[in-house]
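A.B. asks: Can you read through this structure? Questions will come right after.
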Amino acid sequence: MAKLRGIFASIGDRIQARPVATLLIAALLILVAVGGAAQITSVTGDAAFVGSDPTYEAFSESFDRGTIAVLVRGDITEPSTIEAIDRYDRQMAKTDDVYMVQSPADQIRAEYGRIPESQAKIEAVIGSPDYTTVQIVTDTGLSQQAERPIYSKAVSTSEWARFPASATVTVTGSAAFSAQLSTLIQQSTQQLLGLAVGLMILALFFLFRGVRLRLLPIVAVFTGVIYTFGAIGYGGIPNSTMTSAVFPILIGLGIDYSVQFHERYEEELETYPPRTALPKALGGVGPPVLIAMLAAALGFGATWVSATSPAIIWFAQTSILGVLLTFLAGILVLLSGLTLYVRWKADPAETQPDGGESAEPAQDGDADIGFVGRTLGRGSRVLATHPVAVLLLALVLTGVGFQIGGSLDTMADTEEFIPQDLPAYVDLQQFRAETGGGGSTSYDVLVTGSELKHPETLRWMTDLEHVATQAPLIEGVDTPATLVKQYNGGEIPQTEAGVSRVLEQIPEQQRQQYYNDGRAHITIVSPQDMTTAEVLSFLENARGSISYSSPPPGVTAELTGTAAISTPAIMEQIESRNTTTGLGVLFVFALLLLYYRDLVKAVAPLVPMVFVIGWQNIYMFALDLPVSPLGASLGAMTVGIGAEYTIIVMERYYEEKRRDGVSRLDAVQVAAGRVGKAISVSGMTTVFGFSALILSPFPVLSSFGFLTVGVIFLTLIASLATLPPTLIVLDTVAERVTTYWGTSAEHTGT
């Protein structure tokens, strides 16, 4: 510990000696980060929750084709409308990465060889619908980024095709949804950053009074956020709905680190000249803030280790990079900036090496900590005087919270995560309502093996259809057997050669929807708008039907696709939240034990955090907040983030206790008075930063914002109300154990 303090003091000495060079290094890193930020991509929707999966990758390679659906409403059989559809169809068919385009113009051209000018002839082919669709099917294996230019082309071509005024054209589908959602995520990230910074400026302006350059922490933290953007760009970490939540969190946490550096520097300047104050301040506060930062990183690390969804892994990775880089920016930007300002404003006599270096620091008293500090100190002393009663009450509330935790609602449907008024989502819902379709109603089965075209395999597919359609929630099954029977008079050929002859008669584009790259594709249809529980039940029924129908030897059928993978992955993330929390506690405990080499100092900071983990469930129940994939990580985050407050209070407690004639209660009072005000200010600024999430247009982020704001309040309460009694109890027990073993050793020696 002493060595670490020496390292930080040495860093402080170098910064105060070369502040301009330090700022130049920080500026150079900004330029480097900008290059990385330009490389950031985004992933949206279900795709953000689908991890590496060999079956899914094989399915994606062979059958997973994106679809852009163009809904045309109006007088469809009007020749001018069909001619516009025909122009649109032909133009989009020429677009790169478009596999095929299907429209009613295809049927009419097939019948007449052209688009007739007679409305009656058109109605003879397609009837007289009041809407129709043009399906633009993309090549397999395209990423969301690769699909977006096709969507842009689909939108621009709808204007180029010159649809008549009587026709309304809406471009929707997965690519449209992804493109608009990606744009909204980028806009939301920028808005949340702006809101967080604005709220933080208000917080610092009103709460961080009496210090010079009180808004400088904002500059330091924003620099750290720029570094983070660069790091995720270079690291290939995509931006997603979940990842965009990180940046307000980083602003809140980064302010914590900068405020702690700032407060301690100001405190040391009360006694020492600037040249001495910075090394002493950084040597004193650097190690506990470093440990607190590492604890936060380990809390996010627990989320990373336990996560199954890429979106949550990206969230954890971005958070870890962010806390590391905002900590670094606090040292580089804040301390060098303060050094230059103090030199500029200070009396030259005060900056001389002998300008008070040998003076002893003033003893902490009530006079110089203000009303808030005195109140916090005296309140903590009162609570520490009755440790058993306080800890028992906290424990009872924690127990109630753990009991309530199992009854909380969940938010696992990815469509619930997004703004319900997003135009692409409104268009998609309208498309589903009018056409009775939509990608969310079909689930995919990948069939592999060496005898996929054997009559026995096709008969098994027919059996699967009979079995599956008897199960609840399964409305239909479309298999290669369905296709073969359609082109063979409703019968399956008796030989494999016969099956091959039938397949040769089928247009290639249609055949490749069922057979491609030596694999087969089955589609299982479900009702629309299923709840999460119904989706999970549907998937269980589908897998059960596959198993019960007994695929032939050598044939494997597996349910796959983004729709089949994302919901179970999200639910697994939510249901594993206790494991994630436990890992967070374990990781932080190991860090504290490694650093302090003292069991009491490793355990004490975690006790209030365990209380908060239980209390947060009561808070969620009271506000009817559901558990989302982000919320599932909050337990580990609480331990990591809250450890900062408890570590700093504990460090100051032991620092005061080492003074001659200071009792445990005196040490508690001084620690809570001196540090309590600082962590209250940093905690409130963190709350302001996290509050930006509440204003997010994404319901999943807004809910998470309400949750994190409440948890920060609870963490501050636990740090100042339950840590002092915990320190008194554990310290007393440790001293008695030490005395007992010492006495026993003396008796043994005699």
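Values quoted throughout were computed directly from the atomic coordinates according to the rules given, and no laboratory measurement underlies them. Quick caveat, the model's predicted, so the values are computed rather than measured. Note: ideal-geometry Cβ built from the backbone for every residue, glycine included; neighbour counts use all protein chains shown.
A.B. asks: Expressed as a rounded percentage, what relative contact order does the chain have, with Cα pairs under 8 Å and six or more residues apart? Display every interim value, and only then the final one.
C.D. replies: Numbers: 1261 pairs, mean separation 149.5, N = 750.
Once normalised by length, the contact order is 20 percent.
A.B. asks: Please sort 627-637, 516-526, 313-323 by packing, taking for each peptide the average over its residues of neighbouring beta carbons within 10 angstrom, highest first. If you can, show how the numbers build up before the last one.
C.D. replies: Numbers: 627-637: 27.2, 516-526: 19.1, 313-323: 25.3.
Final packing ranking: 627-637, 313-323, 516-526.
A.B. asks: Between the alpha-carbon centers of segment 255-300 and segment 388-404, tell me the distance in whole angstrom.
C.D. replies: What the calculation gives is 33 Å, centre to centre.
A.B. asks: Counting only other residues whose beta carbon sits under 10 Å from that of TYR654, what net charge do I get with K and R as +1, D and E as -1?
C.D. replies: On the way: positive: LYS601, ARG652, LYS657, ARG658; negative: ASP598, GLU651, GLU655, GLU656, ASP731.
Here the charged neighbours net out to -1.
A.B. asks: With θ taken as phi - 60° and the coefficients 6.51, -1.76 and 1.60, list the Karplus ³J(HN,Hα) couplings across segment 602-618 in order, rounded to whole Hz; mark glycine and proline as x.
C.D. replies: 7, 8, 3, x, 8, 4, x, 5, 5, 4, 5, 4, x, 5, 5, 5, 5
A.B. asks: Distance from the Cα centre of segment 616-679 to that of segment 498-514, in angstrom?
C.D. replies: About 67 Å separates the Cα centre of segment 616-679 from the one of segment 498-514.
A.B. asks: Roughly how tilted is helix 496-505, in degrees to the nearest 10 and between 0 and 90, from the longest Cα axis of the chain?
C.D. replies: 90
A.B. asks: Next up: Can you give the net charge of the other residues whose Cβ lies under 10 Å from the Cβ of GLU61, counting K and R as +1 and D and E as -1?
C.D. replies: On the way: positive: ARG519; negative: GLU57, ASP64, ASP517.
So the surrounding residues net to -2.
A.B. asks: For Kirkwood radius over Cα pairs in Å, which listed value, (1) 27.7; (2) 29.6; (3) 26.7, comes from the coordinates shown?
C.D. replies: Correct label, based on the coordinates given: (2).
A.B. asks: Additional query: Taking other Cβ within 10 Å of each residue's Cβ, how do LYS3, LYS657 sort, fewest first? Can you show the working numbers first?
C.D. replies: Numbers: LYS3 7, LYS657 17.
The most exposed by this proxy come first: LYS3, LYS657.
A.B. asks: Dipole magnitude of the chain about its Cα centre, charges +1 at Lys/Arg Cβ and -1 at Asp/Glu Cβ only, in debye to the nearest 20?
C.D. replies: Working: 45 positive and 71 negative charges, 533 e Å.
That gives the chain a dipole magnitude of about 2560 debye.
A.B. asks: Follow-up question, since we're still on this one. Using the Karplus curve 6.51 cos²θ - 1.76 cosθ + 1.60 with θ = phi - 60°, work out ³J(HN,Hα) for each residue of segment 169-180 in order, rounded to whole Hz, and write x for Gly and Pro.
C.D. replies: For segment 169-180, the Karplus curve yields 10, 10, 9, 9, x, 4, 5, 5, 4, 5, 5, 5 Hz.
A.B. asks: Any lysines with Cα under 22 Å of the LYS345 Cα? List them, leaving off those in the same chain fewer than 8 positions away.
C.D. replies: Straight-distance partners of LYS345: LYS280.
A.B. asks: Quick one: 3J(HN,Hα) in Hz for segment 415-429, Karplus 6.51/-1.76/1.60 with θ = phi - 60°, rounded, Gly and Pro as x.
C.D. replies: Result, ordered by residue: 6, 7, 6, 9, x, 6, 9, 4, x, 5, 6, 4, 4, 5, 5 Hz.
A.B. asks: Restricting to bridges with both residues inside the chain, how much of the DSSP beta-bridge set is antiparallel, in percent to the nearest 5?
C.D. replies: On the way: 35 of 37 bridges.
Of all bridge pairs located within the chain, approximately 95 percent are antiparallel.
A.B. asks: Per the helix-only calculation at 222 nm, which mean residue ellipticity applies to the chain, given -39500 (n - 2.57) for every DSSP H run of n ≥ 4 and division by its residues, nearest 500 deg cm²/dmol? Each step should come with its number before you reach the end.
C.D. replies: Numbers: 30 runs with 502 residues, N = 750.
The helix contribution divided over the chain gives -22500 deg cm²/dmol.
A.B. asks: Could you work out the relative contact order of segment 64-179, using alpha carbon pairs under 8 angstrom and six or more residues apart, expressed as a whole percent? Walk me through the numbers before you get to the answer.
C.D. replies: Working: 206 pairs, mean separation 55.2, N = 116.
About 48 percent, as a whole number.
A.B. asks: While we're here: Using the alpha-carbon centroid of each, what span in Å lies between segment 538-553 and segment 446-492?
C.D. replies: 12
A.B. asks: May I ask you to order 160-167, 562-569, 376-383 by the average number of other C-beta atoms within 10 Å around their residues, highest value first? Please report the intermediate quantities before stating the final value.
C.D. replies: Numbers: 160-167: 14.5, 562-569: 22.1, 376-383: 20.2.
Sorting 160-167, 562-569, 376-383 by mean packing, highest first, produces 562-569, 376-383, 160-167.
A.B. asks: Under a 5 Å amide H to amide H cut-off, with H placed in plane at 1.01 Å, what residues pair with THR410 once short-range neighbours are removed?
C.D. replies: VAL627
A.B. asks: Determine, for each peptide in 120-133, 589-602, 66-79, the mean count of other beta carbons within 10 angstrom over its residues, then list the peptides with the highest first. If you can, show how the numbers build up before the last one.
C.D. replies: Working: 120-133: 14.9, 589-602: 16.6, 66-79: 20.6.
Answer by packing, highest mean first, reads 66-79, 589-602, 120-133.
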